[in-house]
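S.K.: Take a look at this one; I'll ask things after.
The values are calculated or read from the model by the stated rules, or taken from the named source; none is laboratory data. This is a predicted model, so every value here is computed, not measured. Glycine gets a Cβ as well: all are built from the backbone with ideal geometry, and neighbour counts include every protein chain shown. For accessibility, only protein heavy atoms count, side chains too; no ligands or nucleic acids. Shrake-Rupley method; radii C 1.70, N 1.55, O 1.52, S 1.80 Å.
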Amino acid sequence: MNRIVTKRFSVNVYGLSITRKNFCSNAASRVSSSSSGQSSNEHEVKQNFTDDGHQYDVAIVGGGVVGMALACSLAHLPLTKHLKVAIIDSNPALGKRNCINKEDPPDPRVSTVTPATISFFKDIGAWQYIQQHRHAYFDKMQVWDYTGLGYTRYNARDVNKEVLGCVVENKVLHSSLLSWIENTDFRKTIYPSKLTSMALLPSSSSMGVESTLSTTALFTKGRLAKLELSDGKSLYAKLVVGADGGKSRVRELAGFKTTGWNYSQNAVICTVEHTEENRCAWQRFLPAGPIALLPIGDRFSNIVWTMNLKESSDCKTMNEDEFVKIVNHALDYGYGSHPKSSSSGGRDMFSWLRGDVTISADECFEVPPQVIKLASDRMVFPLSLKHANDYVSKRVVLIGDAAHTVHPLAGQGVNLGFEDSHALSRVIAEGVAVGSDIGEVSLLRKYEAERKPANIAMMALLEVFQRAYSVDFGPLNILRAAAFNGAHYISPLKKSIISYASGEQKMPLPLPFFS
Amino acid sequence: MNLGWRMVRKLRIVNARNGAFFNARFFSDSTTQLPLASVTVDPSSNATKTYNNINKNSTSSSLKHLELAKFAAIADTWWDSDGPFKPLHVMNPTRLAFIRSTLCRHFGKDPNCAKPFEGLNIVDVGCGGGILSEPLARMGATVTGVDAVDKNIKIARLHAGSDPETSTIEYCCTTAEKLVEEQRRFDAVIALEVIEHVADPAEFCKSLAALTVEGGANVISTINRSMRAYATAIVAAEYILRWLPKGTHEWSSFLTPEELVLILQRSSIDVKEMAGFVYNPLTGRWSLSDDIGVNFIAFGTKNTH
């Protein structure tokens, strides 16, 4: 009888629960009597603990596309949909719904989402919202360089796929995830604020039984991280997720070290218009860096042009007509001639390798569609590479750009971020399945073990591309051209490249040469 | 670490040659003289005196005093995931995966649910610092954790109390035998890595059975008394890799799976499922397998007659 009463009591008043398990043996009652002096203090500690903030399972700092993707993925998985999630972001877009005007020209901030990311969106059910907005699938891609020595064309049919990818404005990705989660009964709270401090006191591992109040308090706090926000609010969470981008505050506060460097290069991005619809992704390597022309739907394309700092400031200030002229120049005869579409020669050279020939190997070099006018502001972003040496520590985990900022060369950054979100939500679900504390570092290391090698591989590959094109040197140019021709004509290599770039293959290494 | 692993592998190779022979012999020995592994400690020994306050009226218990002393000495470190209990922390998700799947199937619970054990009354015998009890509580069970070491129970209470999800666990410093005397009954009785530390495994199993409701479930895990277990769980884990304090395990107290099945059967528990744990030194993780050569876990149900 006594037991039932105390039990119900302990459920209701959680602060008092520690010492109220005194039904069983003599030893047990000795414990509670000996620690009853402590219980009032413990009670106070806990009162403070729950009163001055809200308690969550997961606090996602940064409600951008990667942070929202994590929230959606958690809301989608059966084992994690019960979790209480806080999203901290001062971006007002999080509060609004569906503020995209379809008549506006596309925003220059776009992402090339890979088939892996598309299936992630489809799995959770958010792709339908993307389809209501502007988006552009492409099934062909052409990569070439200014030396005119080689080119590569990729076709989705090489790997029996419908598409190679889809270009979507970042705001469409974001609002789709937001619309989806608004239509679920997922328990999330949005804090329109910024993170100012994060406290995680270690749960003293060699805590003695006769611990004083202070160690008890420390210990208690070891089970939760405390976040303080710029508007004076504070909250507690079992797990803090840093999804707050390249300049991550969470990463800084948690003391994660990073490795990286600036390229002393800028990316100029903008939206341009053609006379007809563009259906192919184009990328040309120029002496100062690559220029990419991506379809974004209707008669619009997106430009991502990497160049040195001086050129980028010129590009931003020059008048529109002049800018359109240099864009067309860069995508056509600028800096060098067109590569020859010597379809027979190249094929013969590599014919000994593999019999089967990809569809695109017969495709000739094409010139991208002319740009007729600029349809947005020109935006300039500095390029850098940054990688966090660790992604996880107790109660803290980094995803997306907070963990790794990559060269935008292949549009892989956001896809890596989505894969992080996906992987982290699965790891959290695995933890919930076996009743783990979701902030336990041993659990979080599973996520790190899955994502870190994959992210490093992609970063290294992009870095090699970056370096390979930063030098204009005869023999190297020929080597690059050989690589282009190899990628164009050797079908297993080509298939492997497509499959890696579309996010289906986690590592670039297992080339099917040996299959 | 690397070197250590290489040595383990070497030992494993040596064992692969002799293993079958040894296993066979020990098994045949044991079947002729059950109950087995009766390494008891003289109650007047020094170690017992030092720790005899742990459990004053322990004559009726199947516990070994020396074993209790070992655990009391390191009780403070239960929740240090890099401390002496690290192997248990690392193994814990794998053990829980087995418990989750077997109990969900047995009790007809939805395995895709975050709290599948809601409505189940589970006792964790030999709960230590509560590293199994807490996950069970998070999975929705009404958990009672018992341990004969007073210090363990204090640590467990303190730790569980700081999280509302686990603060409902009822911890008490007692033994399975005493719970039987108190006529407590549970839907599931779990005793992981405990039976190798008790003086009389057969008596212990009888107590576990007595705590289980008719048609209830039992989960027991332990270490096989194989040469491979000697090489890995004692030589490698205690002496080479130093995962466990030296003397944590006594090889002669281990039970083979056949012996465990037999003594459980005599306590009217039918073993329905068994799995082994294997350690992958590259990933540092454990996984379930059919290999019950070293660490193994058994799920049984209490038959109704």
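S.K.: What are the pairs with Cβ atoms under 9 angstrom where one residue, in the range A:122-139, is among the basic types (Lys, Arg) and the other, located anywhere, is open to solvent by 40 Å² or more (accessible area, probe 1.4 Å)? Sequence gap at least six, or different chains.
M.R.: Once the first residue is among the basic types (Lys, Arg) and sits in the range A:122-139, its partners that are open to solvent by 40 Å² or more (accessible area, probe 1.4 Å) give A:122/A:128; A:134/A:102; A:134/A:298.
S.K.: If you don't mind, another one. Going through the range A:384-417 one residue at a time, which ones are more than 14 Å from the chain's Cα centre (by Cα), buried (at least 22 other Cβ atoms within 10 Å of the Cβ) and either at pLDDT 90 or above or assigned to a strand (DSSP E or B) (or both)?
M.R.: A:392, A:395, A:396
S.K.: Within the range A:119-141, can you find the residues that are part of a helix (DSSP H, G or I) and closer than 19 Å to residue A:100 by Cβ?
M.R.: Answer for the range A:119-141, where residues must be part of a helix (DSSP H, G or I) and closer than 19 Å to residue A:100 by Cβ: A:121, A:127, A:128, A:129, A:130, A:131.
S.K.: Restricting to the range A:91-124, give me the number of residues that are modelled with pLDDT of 90 or more and open to solvent by 40 Å² or more (accessible area, probe 1.4 Å).
M.R.: Result for the range A:91-124: 3.
S.K.: Just the residues that are open to solvent by 10 Å² or more (accessible area, probe 1.4 Å) and at pLDDT 95 or above, please, taken from the range B:121-134.
M.R.: Answer for the range B:121-134, where residues must be open to solvent by 10 Å² or more (accessible area, probe 1.4 Å) and at pLDDT 95 or above: just B:121.
S.K.: Out of all the residues in the range B:240-258, is one or more open to solvent by 20 Å² or more (accessible area, probe 1.4 Å), farther than 20 Å from residue B:177 by Cβ and free of Cβ contacts under 8 Å to residues at least 12 places away in the same chain?
M.R.: yes
S.K.: Does residue A:446 meet the test of being in a helix (DSSP H, G or I) and in contact (Cβ under 8 Å) with a residue 60 or more places away in the chain?
M.R.: Here the answer is no, as residue A:446 does not meet what is asked.
S.K.: Let me ask you something else. Within the range B:92-123, count every residue that is within 12 Å of chain A (Cβ to nearest Cβ) and either part of a strand (DSSP E or B) or aromatic (Phe, Trp, Tyr) (or both).
M.R.: So the count comes out to 4.
S.K.: Restricting attention to the range B:195-222, which residues are aliphatic (A, V, I, L, M), more than 14 Å from every other protein chain (Cβ to nearest Cβ) and either part of a strand (DSSP E or B) or surrounded by 24 or more Cβ atoms within 10 Å (Cβ to Cβ) (or both)?
M.R.: Within the range B:195-222, B:195, B:198, B:208, B:213, B:217, B:220 qualify.
S.K.: If I filter the range A:290-306 for residues that are over 22 Å from residue A:113 (Cα atoms) and in contact with a Ser or Thr (Cβ under 8 Å, 6 or more places away or on another chain), do I get at least one hit?
M.R.: For the range A:290-306, residues over 22 Å from residue A:113 (Cα atoms) and in contact with a Ser or Thr (Cβ under 8 Å, 6 or more places away or on another chain): absent.
S.K.: Just one of (1) open to solvent by 50 Å² or more (accessible area, probe 1.4 Å); (2) modelled with pLDDT under 80 trips up residue A:449, so point out which.
M.R.: (2)
Listed here are the residues, each with its yes/no results for (1) over 24 Å from residue B:78 (Cα atoms); (2) of a type in the set (Lys, Arg).
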| residue | (1), (2) |
| --- | --- |
| B:182 | yes, no |
| B:187 | yes, no |
| B:233 | no, no |
| B:255 | yes, no |
| B:266 | yes, yes |
| B:283 | no, no |
| B:292 | yes, no |
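S.K.: Something else now. Could you list all residues from the range A:51-61 that are at pLDDT below 95 and of a type in the set (Gly, Ala, Ser)?
M.R.: Residue satisfying the conditions is A:53 alone.
S.K.: For the range A:418-431, give me each residue that is buried (at least 24 other Cβ atoms within 10 Å of the Cβ) and at the interface with chain B (Cβ under 9 Å from one of its Cβ atoms).
M.R.: Matches in the range A:418-431: A:431 only.
S.K.: On the basis of being under 30 Å from residue B:157 (Cα atoms) and buried (at least 23 other Cβ atoms within 10 Å of the Cβ), does residue A:237 make the cut?
M.R.: Answer is yes for this residue.
S.K.: Can you go through A:462, A:444 and tell me which one is at pLDDT 80 or above, within 30 Å of residue A:63 (Cα to Cα) and not small (Gly, Ala, Ser)?
M.R.: None of the others qualify; the one that does is A:444.
S.K.: Give the residue that is nearest to residue A:375 (Cα to Cα), with candidates limited to residues of the range A:321-337 that are touching a Pro at 6+ places or on another chain (Cβ under 8 Å) and open to solvent by 20 Å² or more (accessible area, probe 1.4 Å).
M.R.: For the range A:321-337, the residue satisfying everything is A:332.
S.K.: Show me the helices (runs of 4 or more DSSP H) found entirely inside the range A:142-259 where at least 1 residues are at pLDDT 90 or above.
M.R.: The qualifying helices (runs of 4 or more DSSP H) are A:170-182, A:249-254.
S.K.: Looking at the range B:176-187, which of its residues are touching a strand residue (DSSP E or B) at 6+ places or on another chain (Cβ under 6 Å) and open to solvent by 10 Å² or more (accessible area, probe 1.4 Å)?
M.R.: Within the range B:176-187, B:185, B:187 qualify.
S.K.: Looking only at the range A:368-383, how many residues end up being part of a strand (DSSP E or B) and open to solvent by 20 Å² or more (accessible area, probe 1.4 Å)?
M.R.: The qualifying residues number 5.
S.K.: With the checklist (1) away from chain A (no Cβ under 11 Å); (2) free of Cβ contacts under 8 Å to residues at least 12 places away in the same chain; (3) of a type outside the set (Lys, Arg) in hand, flag the one item residue B:82 doesn't pass.
M.R.: With respect to (1) away from chain A (no Cβ under 11 Å); (2) free of Cβ contacts under 8 Å to residues at least 12 places away in the same chain; (3) of a type outside the set (Lys, Arg), residue B:82 is out only on (1).
S.K.: Sort out which residues of the range A:260-277 are open to solvent by 50 Å² or more (accessible area, probe 1.4 Å) and at pLDDT below 85, and write them in order of number.
M.R.: Residues satisfying the conditions are A:261, A:262, A:264.
S.K.: Here's something else I'd like to know. Of (1) within 9 Å of chain A (Cβ to nearest Cβ); (2) within 19 Å of the chain's Cα centre (by Cα), residue B:128 satisfies all except one. Which?
M.R.: (1)
S.K.: Still on this model: Residue B:89 passes all but one of (1) at the interface with another protein chain (Cβ under 8 Å from one of its Cβ atoms); (2) modelled with pLDDT of 95 or more; (3) surrounded by fewer than 20 Cβ atoms within 10 Å (Cβ to Cβ); which number fails?
M.R.: Tallying (1) at the interface with another protein chain (Cβ under 8 Å from one of its Cβ atoms); (2) modelled with pLDDT of 95 or more; (3) surrounded by fewer than 20 Cβ atoms within 10 Å (Cβ to Cβ), residue B:89 fails exactly one: (2).
S.K.: Out of everything in the range B:141-168 that is in a loop (DSSP other than H, G, I, E, B) and more than 8 Å from every other protein chain (Cβ to nearest Cβ), what residue ends up being surrounded by the fewest Cβ atoms within 10 Å (Cβ to Cβ)?
M.R.: B:165
For (1) open to solvent by 20 Å² or more (accessible area, probe 1.4 Å); (2) within 24 Å of residue A:339 (Cα to Cα); (3) among the hydroxyl-bearing types (Ser, Thr, Tyr); (4) without any contact (Cβ under 8 Å) to a residue 24 or more places away in the chain, each residue gets a yes or a no:
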| position | (1), (2), (3), (4) |
| --- | --- |
| A:279 | yes, yes, no, no |
| A:301 | no, yes, yes, no |
| A:305 | no, yes, no, no |
| A:310 | yes, no, no, yes |
| A:314 | yes, no, no, yes |
| A:319 | yes, no, no, yes |
